[in-house]
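Read-outs throughout are calculated quantities, based only on the coordinates presented, and are distinct from any laboratory measurement. A quick note: this is a predicted structure, and the numbers were derived from the prediction, not measured. Ideal geometry is used to build each Cβ from the backbone, glycine not excepted, and the neighbour counts take in all protein chains shown.
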Amino acid sequence: MYYFRSFTFRETILLYRKTESASKPSLDIYNKACGVRYWQKNENFANKHDILFFFVLSSILDPAHEEIIIIEFGANVGQFSEVILATPHEIPYVVHSIEPVISLFQTMTNRSSSFRKQKHDKHFLHNIAISDRTGRVPIYTHAPDKPGEASTLGHSSRLGYRFISEVSVTTLPMFIKTNHIKTPISFVKIDVEGFEPEVIRGMNLTFNSALFPLFLFETGGAWRDDRSVLARTHTIKSFVRMLDILGYDCFYVGSPYLLPITGKYWDDSFEDIPRSCNILSVLRISQTWKNLATKLAHIPLNSCQWL
C-alpha cells in the first residue's frame, strides 16, 4: 500500500511507503538536490541546532509506561536538560543527565534547582561516563581552563591533551539496569567529544535496538584526530551504513531542516565532519518512526523546509 503526497516542481516530495511484505519499510523525504543545496550553506547545520531542534523532537517522542524517558550525556552544565524540561509537554518527563567531569557536574547540580519543571517531571544527575566498557578511566582535556569544551575519555598527542581525573565508566544498558530506568528510552542524546562510536557500540544495538528507538549523536573534527579508535576507523558514510543495517534511518539535524542521509539519500559531501553536525537515528517500524512519518505527512512542505 502506498501513501504519498506530491508537490509542484522544485518542492519537496514526501513518500511514506509501507507494504505488508516489506522487510525494510522506508520513510522518504525526497529531493536530494534540494537537500544538498541546503547542506552546502554551512550555517544550516551545526552542533548548536540540537537544542533548537528539540521542539520538533518533543512532538514525536514515544512514552514508556506513561512517561517520556530521556538520557543525555555529556550533559556539561545542563543546558540541554534545562531546555527539555522547559518545553511544554503533557506527559511527564524523566530526564537523566550524565556528566563525568566533576567541576561541570557540580555546576549542573547547582543550576538544576532553578530549572523550570512541570508537575510530575523528574530530573536525575549522574557523575559517570558512558562508553563500551566498565571500570575506571582517565579524563583528558586540551583546555584546562575550560574543561567543558574539550574533555574526553581519550587524549590526542597531537593536540597536547592533559590528564584531569579518573571517573567510573559503564555501558548504557548497564547504566539503565543499575538505575532501574524504564524502557524503551524515548530519546538518547550523545555528545562525548569524538567517542560517540564507542557509546553506540556499547548500546549493543544488534540485540537492544528496541530499547533505543531514537538517539542523536554529534560528529565533528574529533572523529579525525587520534583519540577514538572507532571514530578514526569509521567514515560517517560507513557508520550510517552500519546503522542502516541495524534498522535505523539517519538524518542530519539542522534548523529547521531534517536532511535524510541513509541509502539513496547519501551524498559524498556529507562526509564534511569538521562541521560538528548532529545525526538523528530513528528505528524503523518503531512508534517514534511512525510519529515522525505522520508529522511529515501533515506539514506543508515547500522550499526544502521539511519541518
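Exposure proxy shown here: for 289, 266, the number of other Cβ atoms within 10 Å sets the order, fewest to most, as 266, 289. Net charge in the neighbourhood of residue 120 (other residues with Cβ under 12 Å of its Cβ; Lys, Arg +1, Asp, Glu -1) is -1.
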